[in-house]
């Protein structure tokens with residue numbers, strides 16, 4: 001496309017302008033939004049070709065593909081925003097197969113009336129996250145819905161990646177005797193978002209842990225290609241993730257509460273909200289299950305990476321026909337760590 | 001965390017567990033009811049039962065406000081939201097409470113009701129201020145712990161002229177429920193309770209004095225305890241000592257927050273705004289006299305039941321639901337045939353399965369591995 005010849009006389013007003021229905025109509029206004037916002041921010045040869053699709057060279061081997069719809073509220077929170085989150089979330093889903101993420105696609109659903117300044121902030125944050133992760137956003141789509149029919153902006157991202165030969169990571173591969181590791185302190189994303197929700201503002205220094213984990217995964221897989229399971233404990237937290245794996249693998253688990261890393265800020269926030277950090281969402285943490293003989297090396301590789309500095313071995317996989325995830329409490333008792341039921345709701349007193 | 005870690009220390013727990021084991025009389029059983037859902041939750045979450053000798057049996061009491069709320073009251077709340085189209089403000093636990101015909105406030109929300117979760121009565125007042133054209137109703141629920149906050153909200157609403165604000169009052173009282181349990185026929189037989197772990201937060205408001213007649217009139221010891229695991233264990237040790245010595249007294253383990261007279265200012269505020277209902281239905285326990293509060297004549301204008309002319313509703317629980325027997329302490333959750341099959345935290349049929357403080361939900365979520373063993 002010849003960028004020297006513009007079809008519009010005035011640049012988009014990123015100070016006071018708002019999204020209107022024409023930005024999703026397929027006409028000139030949409031072309032201008034793509035040109036001045038998305039191309040500017042994401043800036044790569046696939047997008048610049050302005051085709052309906054991106055044509056990609058992919059290496060031989062198995063591909064991993066994942067998609068994730070992001071509807072977070074509020075859109076901006078300490079430590080990130082919906083833009084960075086939408087990049088990290090999908091990269092992480094691809095990476096949890098042990099894959100090296102290659103490309104992302106992004107679809108935006110914008111609400112009429114949404115401030116262009118906020119949209120630009122989000123798109124720039126997204127572009128920064130993609131650049132830092134070295135995973136380009138190569139194709140996309142934009143739609144606009146009438147005011148009141150959206151929540152500002154929803155972003156769906158899809159990613160593909162290639163799985164190294166010999167890596168076979170899946171939720172059904174946990175075996176009795178395997179060790180359970182987590183890459184760091186739990187619950188930061190959920191607490192950071194909750195702390196700035198309308199009606200619930202409380203002073204907290206907790207920041208979202210949102211981060212792309214594929215390089216941490218690459219280091220782990222390099223060290224131990226035989227890792228059995230990787231999963232990022234997002235919604236529902238560690239508890240729900242462990243239950244998913246236990247069911248998929250038809251095993252039980254026994255974790256040790258004293259070894260589960262939780263920061264003081266998260267523990268304090270959960271304490272007064274009546275929440276359990278095991279059920280609070282993470283966006284930059286992973287759970288790894290590997291053979292006992294690999295656990296030491298994997299833990300070493302995790303701790304050597306900045307995103308795994310607080311990694312810990314928290315328990316082991318056991319044989320259990322009921323597939324219970326159980327926990328040795330710090331006090332010395334035992335209890336089930338169940339699935340999250342419904343939304344996590346605070347208790348009354 | 002300061003002031004919290006001290007009360008969850010594993011070393012102290014081992015020490016207390018050893019002392020309790022040493023001091024219990026192996027020839028007898030100790031049947032102790034923890035009245036409060038907060039204690040039930042702590043016992044389950046920290047696995048306290050594992051640290052106690054087998055002859056100490058902890059029985060979960062009815063002190064969980066959402067558990068004892070009868071379905072008719074939730075039906076009325078749904079009526080407020082769906083038919084009177086009010087903005088209904090609730091504490092989180094209430095959203096999933098089962099109402100009649102498979103409904104709940106969460107289901108009502110999916111059908112267009114404006115139901116919002118709040119953390120405090122101050123949030124509720126803010127919604128009323130921010131939405132002057134809407135009728136805003138606060139779903140007030142809880143034992144004596146949450147009642148003073150509702151009283152303050154009503155006084156503030158009057159002072160600020162918030163005519164669009166009202167309260168759907170479901171505040172209930174602890175002593176009448178304990179009295180009911182002690183007077184029930186099962187207490188005459190072998191399954192009689194030996195003593196109580198008394199409420200923590202409720203007692204910060206009402207003090208320890210209201211429990212004294214349970215010791216004198218019924219001969220049952222009661223130890224008020226905080227909600228931390230070491231508080232609970234210490235209270236158990238104190239109860240064991242009383243029972244071994246044949247004493248029946250009200251003792252206070254939670255001295256860092258509870259006095260004999262309680263919070264007099266809070267009591268005055270409640271007396272200013274509320275009056276006793278002649279009777280109130282409790283889920284599982286039936287209709288108990290003088291066991292709940294409503295806004296008094298002076299503040300009737302803020303009473304949603306009066307403002308929207310709500311008719312009293314009553315809805316029977318499922319026939320097989322054992323919530324009543326469980327709330328009275330005469331059955332365990334696993335003795336209900338709905339437990340874990342038809343009734344789960346995802347689809348609760350009985351109220352004990354709703355709140356994490358409910359006996360069934362606590363056992364399902366934390367302790368059901370014991371049934372499998």
Can you tell me how many residues within segment A:137-159 are surrounded by 19 or more Cβ atoms within 10 Å (Cβ to Cβ) and either out of contact with any helix residue (DSSP H, G or I) (no Cβ under 7 Å at 6 or more places or on another chain) or in a loop (DSSP other than H, G, I, E, B) (or both)?
3
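Please work out which residue is surrounded by the fewest Cβ atoms within 10 Å (Cβ to Cβ), limiting yourself to segment A:68-96 and to residues that are assigned to a loop (DSSP other than H, G, I, E, B) and under 14 Å from the mean Cα position of the chain (by Cα). Can you show your working first?
Of segment A:68-96, the ones assigned to a loop (DSSP other than H, G, I, E, B) are A:71-75, A:78-79, A:96.
Subsequent filtering for residues that are under 14 Å from the mean Cα position of the chain (by Cα) retains A:71-72, A:79, A:96.
Values: A:71: 14, A:72: 23, A:79: 19, A:96: 23.
Per the criteria, the residue is A:71.
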Identity of the residue in segment A:215-237, out of contact with any strand residue (DSSP E or B) (no Cβ under 8 Å at 6 or more places or on another chain) and assigned to a helix (DSSP H, G or I), that ends up surrounded by the fewest Cβ atoms within 10 Å (Cβ to Cβ)
A:222
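For a quick check of your reading: which helices (runs of 4 or more DSSP H) sit entirely within segment B:167-240 and have at least 2 residues that are away from chain A (no Cβ under 14 Å), in contact (Cβ under 8 Å) with a residue 60 or more places away in the chain and surrounded by fewer than 22 Cβ atoms within 10 Å (Cβ to Cβ)?
Details: elements: B:174-183, B:201-206, B:212-218.
Output list reads B:174-183.
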Are any residues in segment B:118-144 in contact with a helix residue (DSSP H, G or I) (Cβ under 9 Å, 6 or more places away or on another chain), at the interface with chain A (Cβ under 9 Å from one of its Cβ atoms) and either assigned to a helix (DSSP H, G or I) or surrounded by fewer than 24 Cβ atoms within 10 Å (Cβ to Cβ) (or both), and if so, which ones?
B:118, B:119, B:142
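This table checks each residue for (1) farther than 30 Å from residue B:120 by Cβ; (2) more than 20 Å from the chain's Cα centre (by Cα).
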residue	(1), (2)
A:264	no, yes
A:268	no, yes
A:275	no, yes
A:294	yes, yes
A:300	yes, yes
A:311	yes, no
A:315	yes, yes
Of the candidates A:203, A:248, A:212, the one satisfying the condition of being within 24 Å of residue A:300 (Cα to Cα) and either surrounded by fewer than 24 Cβ atoms within 10 Å (Cβ to Cβ) or at pLDDT 95 or above (or both) is A:212
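So, of the residues in segment B:77-97 that are part of a loop (DSSP other than H, G, I, E, B) and touching a helix residue (DSSP H, G or I) at 6+ places or on another chain (Cβ under 7 Å), which turns out to be nearest to the other protein chains (Cβ to nearest Cβ)? Reasoning before the result, please.
Within segment B:77-97, the first condition is being part of a loop (DSSP other than H, G, I, E, B), and the residues that meet it are B:83-86, B:91, B:97.
Still in the list and also touching a helix residue (DSSP H, G or I) at 6+ places or on another chain (Cβ under 7 Å): B:86, B:97.
On the way: B:86: 17, B:97: 11 Å.
Checked segment B:77-97; the qualifying residue nearest to the other protein chains (Cβ to nearest Cβ) is B:97.
Residue B:28: assigned to a helix (DSSP H, G or I) and touching a residue at least 24 places away in the same chain (Cβ under 8 Å), yes or no? Break it down stepwise before answering.
Numbers: assigned to a helix (DSSP H, G or I): no; touching a residue at least 24 places away in the same chain (Cβ under 8 Å): yes.
Criteria not met by residue B:28.
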Against the condition within 11 Å of chain A (Cβ to nearest Cβ) and closer than 22 Å to residue A:335 by Cβ, how does residue B:11 come out, does it pass?
yes
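Working carefully through the options A:346, A:321, find the one that is more than 22 Å from the chain's Cα centre (by Cα), within 10 Å of another protein chain (Cβ to nearest Cβ) and modelled with pLDDT of 95 or more. Full working, then the answer.
Values: A:346 fails: modelled with pLDDT of 95 or more.
On inspection, the qualifying residue turns out to be A:321.
For segment B:36-43, does any single residue satisfy the condition of being in a loop (DSSP other than H, G, I, E, B) and at the interface with chain A (Cβ under 9 Å from one of its Cβ atoms)? Steps first, answer last, please.
Start the filter on segment B:36-43 by keeping residues that are in a loop (DSSP other than H, G, I, E, B), which leaves none.
Taking every residue of segment B:36-43 in turn, none turns out to be in a loop (DSSP other than H, G, I, E, B) and at the interface with chain A (Cβ under 9 Å from one of its Cβ atoms).
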For residue A:288, state whether it is surrounded by 17 or more Cβ atoms within 10 Å (Cβ to Cβ) and either outside any loop (DSSP other than H, G, I, E, B) or more than 7 Å from chain B (Cβ to nearest Cβ) (or both).
yes
Which ones in segment B:44-76 are more than 9 Å from chain A (Cβ to nearest Cβ), touching a strand residue (DSSP E or B) at 6+ places or on another chain (Cβ under 8 Å) and in a helix (DSSP H, G or I)?
B:72, B:73, B:76
What do you reckon, is residue B:306 outside any strand (DSSP E or B), without any contact (Cβ under 8 Å) to a residue 24 or more places away in the chain and in contact with a helix residue (DSSP H, G or I) (Cβ under 6 Å, 6 or more places away or on another chain)?
yes
Evaluate the following for residue B:114: is it touching a strand residue (DSSP E or B) at 6+ places or on another chain (Cβ under 6 Å), at pLDDT 95 or above and surrounded by fewer than 19 Cβ atoms within 10 Å (Cβ to Cβ)?
yes
So, residue A:262, is that one closer than 21 Å to residue A:188 by Cα, part of a helix (DSSP H, G or I) and touching a helix residue (DSSP H, G or I) at 6+ places or on another chain (Cβ under 9 Å) or not?
no
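Considering only segment B:325-341, I want to know if a residue exists there that is in contact (Cβ under 8 Å) with a residue 12 or more places away in the chain, within 22 Å of residue B:145 (Cα to Cα) and within 14 Å of another protein chain (Cβ to nearest Cβ). Full working, then the answer.
Within segment B:325-341, the subset in contact (Cβ under 8 Å) with a residue 12 or more places away in the chain is B:325-330, B:332-340.
Filter once more, keeping what is within 22 Å of residue B:145 (Cα to Cα): B:327-328.
Those still in the list that are within 14 Å of another protein chain (Cβ to nearest Cβ) too: none.
Checked against the condition, which is being in contact (Cβ under 8 Å) with a residue 12 or more places away in the chain, within 22 Å of residue B:145 (Cα to Cα) and within 14 Å of another protein chain (Cβ to nearest Cβ), segment B:325-341 yields no hits at all.
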Which one of these is out of contact with any helix residue (DSSP H, G or I) (no Cβ under 8 Å at 6 or more places or on another chain) and under 20 Å from residue A:163 (Cβ atoms): A:105, A:66, A:49?
A:105
Assuming residue B:14 fulfils every condition listed in (1) buried (at least 21 other Cβ atoms within 10 Å of the Cβ); (2) under 22 Å from residue A:327 (Cβ atoms) apart from one, which condition is it?
(1)
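The values are calculated or read from the model by the stated rules, or taken from the named source; none is laboratory data. Fair warning: this is a prediction, and the values are worked out from it, not measured in the lab. Methodologically, a virtual Cβ is constructed for each residue, glycine included, from the backbone with ideal geometry; neighbour enumeration extends over all protein chains shown.
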